[in-house]
1. Over 25 Å between Cα atoms: which of LYS22/LYS81; LYS81/LYS151; LYS95/LYS152; LYS22/LYS152; LYS95/LYS151 fall into that group?
2. Would you look at the GNM of the chain, springs on alpha carbons closer than 10 Å, and say which of THR43, THR33, THR140 moves the most?
3. Of THR98, SER160, GLY120, which is farthest along the charge dipole of the stretch 3-171 in the positive direction, counting Lys and Arg as +1 and Asp and Glu as -1 at C-beta?
4. Compute the longest continuous run of the chain that contains no exposed GluC sites (Glu not before Pro); treat a site as exposed when its DSSP state is not H, G, I, E or B and it has at most 10 other Cβ atoms within 10 Å.
5. Determine the dipole magnitude for the chain: charges of +1 sit on the beta-carbon of Lys and Arg, -1 on that of Asp and Glu, nothing else is charged, the reference point is the Cα centre, and the result goes in debye to the nearest 20.
6. With label points built 7 Å along Cα→Cβ from the Cα atoms of GLN32 and GLU70, find their separation and express it in nm.
7. Under 5 Å between amide hydrogens, which residues at least 5 positions from LEU31 or on another chain qualify, with H placed 1.01 Å from N in the peptide plane?
8. Along the charge dipole of the chain, Cβ charges K/R +1 and D/E -1, which of GLN86, GLY47, ALA109 sits furthest on the positive end?
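Read the figures in this text as sums done on the coordinates, not as results from a lab. Note that the structure is predicted; figures quoted are calculated from it, not measured. Methodologically, a virtual Cβ is constructed for each residue, glycine included, from the backbone with ideal geometry; neighbour enumeration extends over all protein chains shown.
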Amino acid sequence: MQVHLAVYPEMMASEFWEKLSKDMAKEGGILQTRTSPEELRGTYENGLAVILMVDDEPAGYFAIWPMSEEYYEVGSGFIRKDLRSQGYGTALYKKIATLSVLDGKIAFAISKNPAAIKAGYRAGFIRHLDWKNPVPYEFTCGLCDWIEEDKKPMCPDRNSSCTLCILHGGGI
Ligand SMILES: CC(C)(COP(=O)(O)OP(=O)(O)OC[C@H]1O[C@@H](n2cnc3c(N)ncnc32)[C@H](O)[C@@H]1OP(=O)(O)O)[C@@H](O)C(=O)NCCC(=O)NCCS
């Protein structure tokens, strides 16, 4: 099995993005507004994603989503089912956390997936309990599509099943 991590300018064929998008669309833990072939490709070609390639096939993806000048969300983490729990998620997370585009920015991640959270800790993300500061609420719970808008203020998942982490603590 040949494995490598790809970053732009390594080019991918257009069928590649269709396949990756289909695989990621099956995952409930990933914000589905971000998994179209166009989104995945555009993000990668802007230097904001890392891909796990196995035998020249897409087998994993992690991306950075700029929310504003200052705040960048790391997410859309995906590893093909048969390759999970073998360290690949951690490897992609570590790679993305060192991309220079994050220098001087506050990078954060939100997840309910224990494997993603663990991989994030290994990449230098630190758990943060305040969902309004330093990352504004509009970029944390504001974007959430797991719960109805009127239930968000009392969300029972916040800081229980749902975890916010900031890279290196965001300098706090
Ligand atoms: C999240 C995801 C990318 C992690 O990738 P991965 O390759 O499995 O991650 P790693 O192997 O590097 O690390 C996962 C760690 O979590 C552990 N783990 C897996 N499931 C777990 C669970 N339910 N509870 C606690 N730990 C768990 C693994 O054992 C491993 O730890 P170890 O190395 O000490 O054994 C992958 O599981 C995935 O694609 N999930 C579906 C999509 C998704 O929900 N993404 C989250 C978006 S935020």
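1. Details: LYS22/LYS81 13 Å; LYS81/LYS151 32 Å; LYS95/LYS152 33 Å; LYS22/LYS152 30 Å; LYS95/LYS151 36 Å.
Where the Cα-Cα span goes over 25 Å, the pairs concerned are LYS81/LYS151; LYS95/LYS152; LYS22/LYS152; LYS95/LYS151.
2. Sorting by GNM fluctuation, first place goes to THR33.
3. The residue sitting most towards the positive pole is SER160.
4. On the way: sites that count: GLU69, GLU148.
Longest site-free region, per DSSP loop and neighbour criteria: 70-147.
5. Details: 19 positive and 23 negative charges, 150 e Å.
That gives the chain a dipole magnitude of about 720 debye.
6. 3.4 nm
7. Under 5 Å from the amide H of LEU31: SER76.
8. Going by the charge dipole, the pick is GLN86.
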